[in-house]
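Since every read-out is calculated from the coordinates, none of them should be taken as a lab result. Keep in mind that this is a model prediction, so the values were computed, not measured. Every residue, glycine as well, gets a Cβ built from its backbone with ideal geometry; the counts of neighbours run over all protein chains shown.
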Amino acid sequence: MNKPLEHAVHAPKRVSREESAGFDRRTIDYIQNAAAHGLYEIRGLGAKRRVPHFDDLVFLGASVTRYPLEGYREKCHTKTVLGTRFAKKPVELAIPITFAGMSFGSLSARVKEALGRAASELGTSTTTGDGGMTQEERRSSKTLVYQCLPSRYGFNPDDLRKADAIEVVVGQGAKPGGGGMLLGQKINPRVAKMRTLPEGIDQRSACRHPDWTGPDDLVIKIQELREITDWQVPIYVKVGATRVYNDVKLAVHAGADVVVVDGMQGGTAATQTAFIEHVGIPTLAALRQAVEALEEMDMRGKVQLVISGGIRTGADVAKALAMGADAVSVGQGALFAMGCNHDSYWQDGAWHSAEAGYEQLGTAPGFCHHCHTGRCPVGITTQDPLLELRLDPARGAAHLKNYFKTMNMELTTLARACGKSNVHHLEREDLVALTLEAAAMAKLPLAGTNWIPGAGGL
Amino acid sequence: MEKTFDLAGGSVRDLNQFLHTGLAQSSVSRVEVANPNGAHSIAVGVDHPVDIQVRGHGGYYVGGMNKQATITVHGNVGWGVAENMMSGLVRVKGFASESAGASGHGGTLVVEGDASLRCGISMKGIDIVVGGSVGNYSAFMAQAGHLVICGDAGEGLGDSLYEAVIYVRGRIRSLGADAQEEPMTDADYLKVDELLKRAGFSHNPTEFKRVASARQLYHWNADADQEY
């Protein structure tokens with residue numbers, strides 16, 4: 001019989017930490033939370049799991065056969081025009097980076113104002129959201145995209161006529177197939193009035209439009225919106241990334257000027273975690289399918305493509321443009337720029353710790369996704385009259401402007417390195433993939449090879 | 001003064017363009033629309049107190065997003081008549097297809113015949129009076145306003161209702177989640193009487209039942225077993 005070695009017998013007590021791959025700590029926590037509450041988790045922001053993304057691509061840059069442009073001396077244009085197909089007044093932007101639709105309700109009116117101010121100073125657009133147009137954001141935004149959503153909360157012809165573009169929202173990357181949610185703590189008197197809802201209810205908005213279903217109806221709906229606005233402004237169609245190839249073709253067929261595709265990493269203010277993590281396809285795969293659909297219809301450059309869902313950096317923007325997007329939309333990045341998940345907030349000329357606020361929510365800076373609670377410790381995703389003061393609109397706008405300017409500089413840096421005097425000249429040929437998954441989804445060669453998984457077969 | 005648009009030769013675009021920009025500067029107080037032939041988006045986005053007479057059938061979204069105008073359709077209409085109306089009056093002499101008055105914020109929609117599925121879906125303050133019956137899932141998620149049904153209602157009436165109130169004269173095939181029948185009060189009789197008069201119907205208000213929200217879905221409830 002084997003005897004344990006003497007030194008093992010006297011060793012300090014060992015704690016086993018053999019984690020299960022299937023039932024890891026996250027899963028155990030999920031099960032115990034479900035068991036305790038009998039209700040699924042609802043949270044904000046986007047998918048947290050790792051999926052193939054723009055990080056899995058790299059630019060090839062200049063070489064013997066491609067010469068670069070000088071970083072500071074040679075111009076690299078970023079002007080972007082959206083809605084050239086039917087609208088009398090297309091949207092003209094100074095940069096191809098726009099602010100994604102986020103509602104007043106999910107965000108405070110002060111945050112909406114900050115977004116509008118920053119967008120105007122940057123020469124880009126901002127977008128309303130599921131809750132109507134506030135005067136603050138209309139006043140502060142030079143170019144404002146007005147969303148037409150299934151709920152039609154606060155939707156009215158006066159605001160429609162004030163819009164610079166209209167976005168018919170079919171779906172959202174965080175929850176394709178799901179309607180909006182806004183929990184009672186955020187339905188304050190003003191939000192309730194704008195949405196024609198009783199104060200303090202847990203709002204579940206519709207997932208389908210009330211007056212049209214399917215692509216043939218969408219043709220007629222878009223025509224109606226054009227008639228109401230006398231064919232002046234572009235009409236975008238936004239889809240959550242699922243059957244992107246077909247959806248883009250149908251949106252183009254329906255008469256969209258611009259198609260917005262929102263990948264699964266796209267954010268939300270409140271959605272079931274199961275939905276956020278398990279419905280939709282990654283932005284990378286969605287973008288490639290959207291571009292293919294446009295190319296097959298000979299609509300590249302005629303119908304513009306805006307991609308969103310997890311765009312964080314200038315490199316992300318550059319890669320999206322190289323793959324065929326005309327512009328990108330940024331939502332969560334804008335929130336982080338204003339201080340979302342920061343440990344402190346700036347108020348009355350001084351920094352204050354927000355740690356206690358995170359602790360009350362049972363989270364910590366860097367991990368918070370509690371937008372749905374309305375108790376945002378840094379005053380962004382809240383309707384609380386005291387909390388919202390933690391975000392100063394002018395300061396928020398300044399941060400947003402810095403963030404977008406940084407991304408734009410990164411974008412032009414990469415474009416110049418690839419020898420492009422216009423960011424819209426970036427092309428697929430400039431990119432390769434680092435992983436098999438990204439290569440297959442983006443249909444780009446694996447770095448150092450000519451191999452595109454699945455190309456020419458399957 | 002009266003102005004006629006004949007859609008047999010002219011276009012809906014010209015009609016709407018006039019209603020949006022030419023009308024306010026003109027002395028026209030009545031617009032005749034001849035030969036609509038089921039065209040979509042007739043008289044949408046009007047914001048002027050004008051009398052519009054549509055002499056025939058309309059397609060989708062007749063009177064969509066209307067403000068102030070009084071629009072009469074001497075025929076049937078397709079989906080979404082008076083969708084998102086803010087104020088004014090839209091009257092359909094015939095039948096209305098799906099989603100009549102969808103997400104309407106104000107004004108009055110009268111359908112003299114029947115209205116199909118989802119009549120009054122997501123309504124937000126509009127008053128709708130239907131002379132005949134309505135199809136399934138009418139007043140789905142209706143938030144505010146009144147839906148008066150002089151005939152029968154289909155399945156799932158008032159599913160996920162908020163604060164809108166429904167009055168039904170005939171039979172209700174079934175109520176939707178969170179909708180309940182409630183006793184009529186004096187205020188209800190007065191309201192029904194007023195709405196019937198506005199619509200030009202002569203029924204007795206005492207023949208109507210009231211359906212409103214039980215308000216059980218206003219807050220998350222883990223014990224509801226997804227029965228909603």
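Each Lys and Arg contributes +1 and each Asp and Glu -1, all at the Cβ; summed about the Cα centre of chain B, the dipole is approximately 640 debye.
Per residue, the average separation of C-alpha pairs within less than 8 Å and at least 6 apart gives the range A:54-442 a relative contact order of 23 percent.
Think of the protein assembly as shown as having a plus end and a minus end, set by charges on the Cβ of Lys, Arg, Asp and Glu; of B:Y167, A:I95, B:V44, A:I95 sits farthest toward the positive end of this dipole. In chain A, helices alone account for a calculated mean residue ellipticity at 222 nm of -9500 deg cm²/dmol, with every DSSP H run of four or more residues adding -39,500 (n - 2.57).
Pairs from the table (A:K88/A:K142; A:K79/A:K162; A:K89/A:K319; A:K79/A:K319) lying more than 26 angstrom apart at Cα are A:K89/A:K319. Ordered by the count of other Cβ atoms within 10 Å of each Cβ, fewest first, A:H352, A:H53 give A:H352, A:H53. Counting Cβ atoms of other protein chains within 10 Å of each residue's Cβ and taking the mean over peptide B:60-67 gives 5.
Ordering B:62-69, A:207-214, B:98-105 by mean Cβ neighbour count within 10 Å, with the highest value first, yields B:98-105, B:62-69, A:207-214. Taking label positions 7 Å along the Cα-Cβ direction at both A:D298 and B:Q17, the computed distance is 2.8 nm, reported to one decimal. Rounded to the nearest 0.05, the FRET efficiency derived from the C-beta distance between B:S26 and A:A94 at R0 = 45 Å is 0.65. Here the range A:148-250 is treated as an ellipsoid with the same Cα gyration tensor; its semi-axes, largest first and in whole Å, are 25, 19, 10.
For peptide B:121-128, the mean count of partner chain Cβ atoms within 10 Å of a residue's Cβ comes to 4. Ranking A:T196, A:P215, A:L225 by Cα position along the charge dipole of the range A:187-235, where only Lys, Arg, Asp and Glu carry charges on their C-beta atoms, puts A:T196 farthest toward the positive end.
Remark: relative contact order (the range B:73-117) = 41 percent; criterion is Cα-Cα distance under 8 angstrom and separation of 6 or more residues. Taking the three principal axes of the alpha carbon atoms in the protein assembly as shown, the coordinate ranges are 98, 68, 60 Å, sorted in descending order.
Magnitude of the charge dipole for the protein assembly as shown, about its Cα centre and with charges confined to Cβ atoms of Lys, Arg (+1) and Asp, Glu (-1), is about 1200 debye. Distance between the pseudo-spin-label points of A:Q232 and B:R55 (7 Å out from Cα toward the beta carbon): 3.2 nm. To the nearest ten degrees, helix B:186-199 and the longest principal axis of the Cα atoms of chain B are 20 degrees apart. Evaluated with a Cβ-only charge set (Lys, Arg +1; Asp, Glu -1), the range A:54-442 carries a dipole of roughly 680 debye about its Cα centre, given to the nearest 20. In chain B, taking the dipole from charged Cβ atoms about the Cα centre, the farthest positive-side position among B:M1, B:G151, B:P183 is held by B:M1.
The value given for the range A:54-442 is a Kirkwood hydrodynamic radius of 21.0 Å, derived from the mean inverse Cα-Cα separation.
According to the Kirkwood relation over distinct C-alpha pairs, the hydrodynamic radius of the range B:36-224 is 15.9 Å.
Exposure proxy for A:H37, A:H10: other Cβ atoms within 10 Å of each Cβ, ordered fewest to most, give A:H10, A:H37. Each DSSP beta bridge with both residues in the range B:36-224 is either parallel or antiparallel, and the antiparallel ones are about 20%.
For the range A:208-279, the mean projected area of the C-alpha convex hull, equal to one quarter of the hull surface, is 5.6 nm². In terms of other Cβ atoms within 10 Å, B:E155, A:E136, A:E199 run from fewest to most in the order A:E199, B:E155, A:E136. Would you mind giving the mean number of other chain beta-carbons within 10 Å of the Cβ of each residue in A:350-363, as a whole number? For peptide A:350-363, the averaged partner shielding equals 0. Stretching the chain fully between A:T65 and A:S20 yields a gain of 11.1 nm (0.36 nm per residue, less the alpha carbon separation). Summarising the strand pairing of chain A, around 30 percent of its internal DSSP beta bridges are antiparallel.
Looking at the range A:26-85, the trypsin sites (Lys or Arg not before Pro) that sit in a DSSP loop and have at most 12 other Cβ atoms within 10 Å of their own Cβ are A:R49, A:R50, A:R73, A:K75. Could you tell me what fraction of 2.2 N^0.38 Å the Cα radius of gyration of the range A:301-442 comes to, as a two-decimal ratio? For the range A:301-442, the normalised Cα radius of gyration is 1.28. Per residue, the average separation of C-alpha pairs within less than 8 Å and at least 6 apart gives chain B a relative contact order of 10 percent. In terms of its C-alpha gyration tensor, the range A:378-425 has a prolate overall shape, because the principal axis ratio a/c (a ≥ b ≥ c, square roots of the eigenvalues) is not below 1.5 and a/b outweighs b/c.
Note on A:K175: aspartates and glutamates with a C-alpha under 19 Å away, same-chain residues under 8 apart excluded, are A:E41, A:D130, A:E167, A:D202, A:D247, A:D262, A:E277.
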